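Undergrad: Please see the structure below; I have some questions.
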Amino acid sequence: MSRRSGILEFAVLGLLRESPMHGYELRKRLNTSLGVFRAFSYGTLYPCLKTLVANGWLIEEPGSTPEEALAAPLTGRRAKIVYRLTAEGKEHFEQLLSQTGPDAYEDETFAARFAFFGQTSRDVRMRVLEGRRSRLEERLEKMSASLARTRERLDDYTLELQRHGMESVEREVRWLNELIESERAGRDLKGPASGEPASRDTTSGASGVLPRPGDDPRPDAPDDTAT
């Protein structure tokens, strides 16, 4: 399984843990709530769903309402298939949530993991955040060393582009520092705890738009009206 396929399966399981959905609803949530999936298509989603069903982690149910199921034969259209998480699927998702290995620190994997931090235990959140920060600090070191070696050979625009890249990584490191400080203080991003002021709300479970690495963590994704 490719890393991107694994991330998609993780995200689908996480969204269906909240509530059953049909394919269009899932695609819309993946596009608008999890920015890392903005470019994917139904052609990517449905093979993933079939795999999850075959593994016993999802079940398919016809029609989201009894009325839809009854109307489908009359209109000649197939009833919408609703996907529901099984007990085995929930257990598998919880196992995935508990993983804190190096893959959790990569750009796309971290984005998907962070979107479900509301369902993740505090100790796991801390390990993932600290691992991500360490990964970015290593990246900054390499970028700085590379810039020092090549500065004299670069034109002004290429040099500015490299500086912009470094500033983006530095901004994410500062954001991670704030999150780690909040976690250590026992504060929750969903709201104030014990009289503390609320932290900046970057996500709430999977309902907030997650920033791509280097972006300011602000929800700005447009609504997806594709069919």
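Only the coordinates and a few stated rules stand behind these numbers; no lab work does. The shown structure was predicted, so the numbers you read here are calculated from the model rather than taken from an experiment. Every residue, glycine as well, gets a Cβ built from its backbone with ideal geometry; the counts of neighbours run over all protein chains shown.
Undergrad: Enumerate the amide H contacts of residue 86 below 5 Å, restricted to partners 5 or more residues apart or on another chain; note that Pro and chain-start residues carry no placed amide H.
TA: Here 58, 59 satisfy the definition.
Undergrad: Which of the peptides 151-157, 181-187 is most tightly packed, and how do the rest follow, going by the mean number of other Cβ atoms within 10 Å of each residue?
TA: On the way: 151-157: 8.7, 181-187: 13.7.
Most protected by this proxy first, the peptides run 181-187, 151-157.
Undergrad: In addition: For residue 96 and residue 146, FRET efficiency with R0 = 35 Å and r from the beta-carbon atoms, rounded to 0.05?
TA: Once the sixth-power term is evaluated, E becomes 0.50.
Undergrad: Could you calculate the contour length gain from residue 161 to residue 184, that is, 0.36 nm times the residue separation minus the distance between their Cα atoms, to one decimal place in nm?
TA: 4.8 nm
Undergrad: May I pose another question? Within segment 153-188, name every residue whose backbone N is under 13 Å away from a label modeled 7 Å from Cα of residue 126 along the Cβ vector.
TA: Residues 180-187 fall inside that zone.
Undergrad: Next up: Through the Karplus equation 6.51 cos²θ - 1.76 cosθ + 1.60, θ set to phi - 60°, convert the phi angles of segment 115-126 into ³J(HN,Hα) values in whole Hz; use x for Gly and Pro.
TA: Along segment 115-126, the couplings run 4, 10, 5, x, 9, 10, 5, 4, 5, 5, 4, 4 Hz.
Undergrad: While we're looking at this one, here's another question. Ignoring solvent entirely, what values of log10 I(q)/I(0) come out of the Debye formula for segment 93-136 at 0.24, 0.25, 0.31 Å⁻¹ when each Cα is a single scatterer?
TA: -0.75, -0.81, -1.27
Undergrad: Amide H of residue 22: which non-local residues (sequence gap of 5 or more, or other chain) have their own amide H closer than 5 Å, using H built in the peptide plane?
TA: Those qualifying (amide H under 5 Å, at least 5 residues apart or on another chain) are 83.
Undergrad: Moving on to the next point. Across segment 182-187, in residue order, what do the Karplus-derived ³J(HN,Hα) couplings come to in whole Hz, using 6.51 cos²θ - 1.76 cosθ + 1.60 with θ = phi - 60° and x for Gly and Pro?
TA: Calculated HN-Hα couplings, in order: 5, 4, 5, 7, x, 8 Hz.
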